[in-house]
Amino acid sequence: MGESSRAVEPVSIANDGAVLGPPMGESSRVVEPVSIANDGRNPRKPETPARPPRRPISPDGFVVINKPAGWTSHDVVAKCRWLAGTRKVGHGGTLDPMATGVLVVAVGKATKLLTYVSGSDKSYTATIRLGIGTITDDAEGEVTEAPGFVLGPPEPDPPGHPAGAVSTLGHPAGSVSPARHPAGAVSTLGHPTGADSSPRHPAGSGGASQDLYPALTAAIAQLTGNILQVPSAVSAIKVDGKRSYARVRAGQDVELAPRPVTVSAFDVLGIRPTQAQVECPEPQHGVGILQTVELGEFGRLSQDAQRPTVETPVVDIDVSVTVSSGTYVRALARDLGALLGTAGHLTALCRTRVGDVSLDQARNLDDLIQWAEQNLQTPLETMPMADAARRYLPVRIITEDEARALGFGQWITPTGTPGPHAAITDDDRLAALVEDTRRQGKPHAKPVLVF
């Protein structure tokens with residue numbers, strides 16, 4: 001026996017010759033018997049959920065989805081991968097989980113067109129709540145301040161204003177607005193009844209004797225056109241390689257640089273005064289409940305079984321906006337509140353248009369899922385590639401010879417206008433995307449993408 005040898009444990013042999021294994025000792029272990037079901041399954045192993053049946057691959061093209069609330073854009077893409085029978089699926093612009101509306105989903109080769117979808121103008125309808133601010137600038141974030149906001153009394157009917165119509169303050173024209181707040185509560189534009197009514201709002205935002213509409217019009221004017229917007233801190237923008245929302249959730253203070261955006265339309269659809277229940281955080285380190293949230297002097301404390309809340313007067317403003325790519329509508333809500341001397345956030349958001357695709361062309365996701373489950377072998381219908389390209393790019397009609405040349409990477413005669421064009425054949429087939437350039441001093445159209 002040398003250093004390379006090892007001891008071999010004795011093995012017991014039964015009278016019938018069966019090997020019984022090593023005697024019980026420190027190196028031995030007891031193996032519990034495993035019962036096996038009659039069908040051969042191990043009852044201890046959790047069952048793996050059955051995968052949904054594979055569906056046939058859909059044609060290349062777009063599927064316009066009306067995104068339901070509560071779904072992330074990635075959730076919709078994941079479901080569309082099953083619906084379309086392929087993993088080559090993407091979307092043309094993220095919608096927050098609380099938002100609804102148009103989400104352009106591309107299948108197959110159509111994903112190459114998503115750059116032009118995401119870069120197009122978009123339209124939204126939204127509800128902005130004045131009087132409460134949140135960390136995310138929308139209803140999904142924690143409340144950071146609740147100064148509240150109330151309207152002043154209605155002004156006399158302007159000339160030509162029909163009797164009984166709704167005025168700019170939301171009061172019936174010609175009616176008398178009764179006192180709704182007790183002594184010490186707030187009346188006009190956030191001023192306590194009987195208190196000094198000197199203006200507390202920024203210049204041009206209105207005072208105690210002014211109604212909301214002139215101040216609102218002036219504030220909206222500052223947020224319309226080509227502006228510099230500071231994005232919401234809870235966003236996917238990267239700061240030193242890390243998402244901004246991740247830094248905020250880690251407790252870091254994030255200051256994002258303003259970026260140029262265009263708000264081409266910002267219209268008020270309705271104004272509604274209401275009350276909101278603001279939940280107070282738990283007291284921490286001896287800090288009182290009401291000290292942990294910045295509350296207006298007119299917030300009324302109420303106690304429930306869970307946690308105390310404050311009833312705060314607010315104003316909901318329904319708006320429609322049309323904005324350029326990269327604009328944060330919730331940042332518009334935040335900035336509108338700031339311009340009116342209070343806080344603001346979004347309580348509802350619906351995307352009604354992306355480029356030339358509108359909400360009335362969108363398909364309900366639940367209906368698509370139900371249809372697919374009942375028609376497992378039928379491919380999902382998509383918007384053809386040529387139609388999809390027409391909605392976001394100017395069109396250049398080409399011959400079959402030109403289509404063949406583009407397929408080989410060759411250049412063709414110029415389009416005569418700058419920017420990318422969709423090169424579509426006479427039989428309505430998207431062959432390529434082309435863009436004018438010059439070679440040897442002569443203009444040509446070169447292929448940018450070939451399909």
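Considering region 94-119, the residues that are in a loop (DSSP other than H, G, I, E, B) and either aliphatic (A, V, I, L, M) or within 13 Å of the chain's Cα centre (by Cα) (or both) include one that is farthest from W71 (Cα to Cα), namely T94.
Looking at I36, I57, I13, just one residue is at pLDDT 95 or above and not hydroxyl-bearing (S, T, Y), and that residue is I57.
What residue, among those in region 383-401 that are among the aliphatic types (A, V, I, L, M) and within 38 Å of the chain's Cα centre (by Cα), is surrounded by the fewest Cβ atoms within 10 Å (Cβ to Cβ)?
At the first step, the residues of region 383-401 found to be among the aliphatic types (A, V, I, L, M) are 383, 385-386, 388-389, 393, 395, 397-398.
From the residues that got through so far, the ones that are within 38 Å of the chain's Cα centre (by Cα) too are 383, 385-386, 388-389, 393, 395, 397.
On the way: M383: 22, M385: 26, A386: 18, A388: 26, A389: 26, L393: 20, V395: 14, I397: 12.
Out of the qualifying residues, it is I397.
Does P283 satisfy the condition of being over 24 Å from the mean Cα position of the chain (by Cα), at pLDDT below 80 and more than 14 Å from T347 (Cα to Cα)? Yes: the conditions hold for P283.
Do the conditions hold for D157, that is, is it modelled with pLDDT of 90 or more and surrounded by fewer than 19 Cβ atoms within 10 Å (Cβ to Cβ)? Give the steps one after another, and end with the answer.
Working: modelled with pLDDT of 90 or more: no; surrounded by fewer than 19 Cβ atoms within 10 Å (Cβ to Cβ): yes.
Considered against the rule, which asks whether it is modelled with pLDDT of 90 or more and surrounded by fewer than 19 Cβ atoms within 10 Å (Cβ to Cβ), D157 comes out as no.
Each row is one residue, and each column tells you yes or no for (1) surrounded by 12 or more Cβ atoms within 10 Å (Cβ to Cβ); (2) of a type in the set (S, T, Y); (3) in a strand (DSSP E or B); (4) in contact with an Asp or Glu (Cβ under 7 Å, 6 or more places away or on another chain).
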residue: D367; (1), (2), (3), (4): no, no, no, no
residue: E381; (1), (2), (3), (4): yes, no, no, no
residue: A403; (1), (2), (3), (4): yes, no, no, no
residue: L406; (1), (2), (3), (4): yes, no, no, no
residue: Q410; (1), (2), (3), (4): yes, no, no, no
residue: P418; (1), (2), (3), (4): no, no, no, yes
residue: T437; (1), (2), (3), (4): yes, yes, yes, no
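The values are calculated or read from the model by the stated rules, or taken from the named source; none is laboratory data. Worth saying up front: this structure is predicted, and the values here are computed from it rather than measured. When we count neighbours, we look across all protein chains shown, and the Cβ atoms used for this are built from the backbone with ideal geometry, even at glycine.
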